[in-house]
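One structure below.
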Amino acid sequence: MSIQPTGLRAWLLTDTPTSRHHARMAAYYQAWLSLKSNHMAMFGLGILLLLVILAAFAPILAPAAPDFQILDLRLTPPVWVSDRDPNIDGFILGSDSLGRDILSRLLYGSRITLYIVALVALIAPIAGLFVGTVAGYTGGWIDIILMRITDIFLAFPRLVLALAFVAALGAGIENAVLAISLTAWPPYARIARAETLTIRNSDYIHAVRLQGAGFIRIITKHIWPLCISSLVVRVTLDMAGIILAAAGLGFLGLGAQPPMAEWGAMISEGRRFILDHWWVATMPGLAIFTVSLAFNLLGDGMRDVLDPKEGKS
């Protein structure tokens with residue numbers, strides 16, 4: 001005898017929604033259940049939630065300020081209690097060439113990473129969605145011009161193009177965000193255009209047009225919602241690349257500037273000591289690897305849930 005769900009769960013699992021809002025909430029809950037069944041995706045989501053918590057409470061969790069220097073304890077290996085000075089707690093992940101605690105710099109650096117990821121995830125998909133839907137819906141010479149511009153951006157490697165933009169705009173975290181966004185939007189434009197081409201000749205689009213809906217309303221109210229799921233999947237999968245691009249700019253000194261704690265810049269500093277003092281570059285490298293892996297795991301799970309082309313075996 002099976003147990004039937006009751007209460008809110010029964011309301012969300014019903015096959016006969018009573019309103020548009022009810023149907024939307026039921027669809028969200030079904031997507032969450034599907035994502036929840038993917039253990040690797042949940043593992044990635046857990047890592048990202050932990051990263052957000054660590055970034056939010058960095059001032060409380062960090063043993064010291066990210067730029068606090070103890071020159072007598074430079075390049076200290078990872079220890080719990082310092083054997084050089086019993087009055088000073090040891091560096092759990094070691095210290096860098098200026099005696100700064102690597103753990104504290106990693107915690108504060110997570111804020112910069114999330115800042116860059118959040119801004120790029122807002123700017124690039126929206127720009128790509130607008131360009132792609134306009135090109136796909138209007139067609140003709142507008143489509144040709146917009147897609148040729150997109151092809152020009154796609155012809156260059158992302159990091160090389162970001163370097164060119166940062167060199168023109170100047171070093172700094174804001175310019176790095178803008179440069180990464182300018183190089184990240186073309187794939188979203190391609191996806192949005194492909195989705196729009198399959199939608200624009202649908203019967204319901206013709207019906208909406210006959211009812212007097214304008215160009216802007218058709219795109220924003222009837223085409224954009226159908227493109228969102230594909231873009232969300234692509235955004236989640238692209239987060240690892242965005243983190244690596246930001247770390248690459250920081251490694252070259254074109255991202256966050258000293259004394260800000262940024263993971264790529266920390267690796268750049270540690271490369272001088274990679275043979276004798278491995279922890280200086282290894283710890284931020286492991287942080288980048290872990291967060292990138294978490295985004296990839298979550299992106300795979302989101303693709304299984306949101307991509308309509310993914311069939312269930």
| task | Just give me the residues in the stretch 138-161 being more than 22 Å from A176 (Cα to Cα) and at pLDDT below 90, in sequence order. | result | T138, G139, G140
| Which condition breaks for L33 when tested against (1) under 24 Å from W279 (Cα atoms); (2) out of contact with any strand residue (DSSP E or B) (no Cβ under 8 Å at 6 or more places or on another chain); (3) modelled with pLDDT of 80 or more; (4) of a type outside the set (S, T, N, Q)? | (1)
| message | Is it the case, given these coordinates, that T133 is touching a Pro at 6+ places or on another chain (Cβ under 6 Å) and in a helix (DSSP H, G or I)? | response | no
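Take the residues in the stretch 84-112 that are of a type in the set (V, I, T) and modelled with pLDDT of 90 or more, then tell me which one is nearest to D276 (Cα to Cα). Break it down stepwise before answering.
Applying the first criterion (of a type in the set (V, I, T)) to the stretch 84-112 yields 88, 92, 102, 112.
Add one more test, that the residue is modelled with pLDDT of 90 or more, and what stays is 102, 112.
Working: I102: 16, I112: 28 Å.
It comes out as I102.
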| Selection within the stretch 11-32 - in contact with a helix residue (DSSP H, G or I) (Cβ under 9 Å, 6 or more places away or on another chain) and closer than 21 Å to G301 by Cβ | L12, L13, M25, A26, Y28, Y29, Q30, A31, W32
| query | Scanning for something surrounded by fewer than 20 Cβ atoms within 10 Å (Cβ to Cβ), within 17 Å of D67 (Cα to Cα) and over 18 Å from the mean Cα position of the chain (by Cα), does the stretch 282-298 turn up at least one residue? | reply | no
| said: One residue is enough: does the stretch 139-159 have a residue meeting the conditions surrounded by 18 or more Cβ atoms within 10 Å (Cβ to Cβ), over 21 Å from I191 (Cβ atoms) and either touching a Ser or Thr at 6+ places or on another chain (Cβ under 6 Å) or touching a residue at least 12 places away in the same chain (Cβ under 8 Å) (or both)? | reply: no
| For V208, all conditions in the list (1) under 30 Å from A118 (Cβ atoms); (2) of a type outside the set (S, T, N, Q); (3) part of a helix (DSSP H, G or I) hold save one; what is the number of the exception? | (1)
| task | Look at the stretch 60-79 and say how many of its residues are over 22 Å from T290 (Cβ atoms) and either touching a strand residue (DSSP E or B) at 6+ places or on another chain (Cβ under 8 Å) or not in a loop (DSSP other than H, G, I, E, B) (or both). | result | 9
| remark: Scanning the stretch 239-262 for residues that are touching a Leu at 6+ places or on another chain (Cβ under 8 Å) and within 17 Å of G170 (Cα to Cα), the one surrounded by the fewest Cβ atoms within 10 Å (Cβ to Cβ) turns out to be L252
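Name the residues in the stretch 7-33 that are of a type in the set (A, V, I, L, M, F, W, C) and either more than 29 Å from the chain's Cα centre (by Cα) or surrounded by 14 or more Cβ atoms within 10 Å (Cβ to Cβ) (or both), would you?
Initially, the stretch 7-33 is screened for residues of a type in the set (A, V, I, L, M, F, W, C), giving 8, 10-13, 23, 25-27, 31-33.
Listed by number, the residues that qualify are L8, A10, W11, L12, L13, M25, A26, A31.
The values are calculated or read from the model by the stated rules, or taken from the named source; none is laboratory data. Because the structure is predicted, anything quoted here is derived from the model rather than measured. Here the Cβ is made from the backbone with ideal geometry for all residues, glycine too, and neighbour counts use every protein chain on show.
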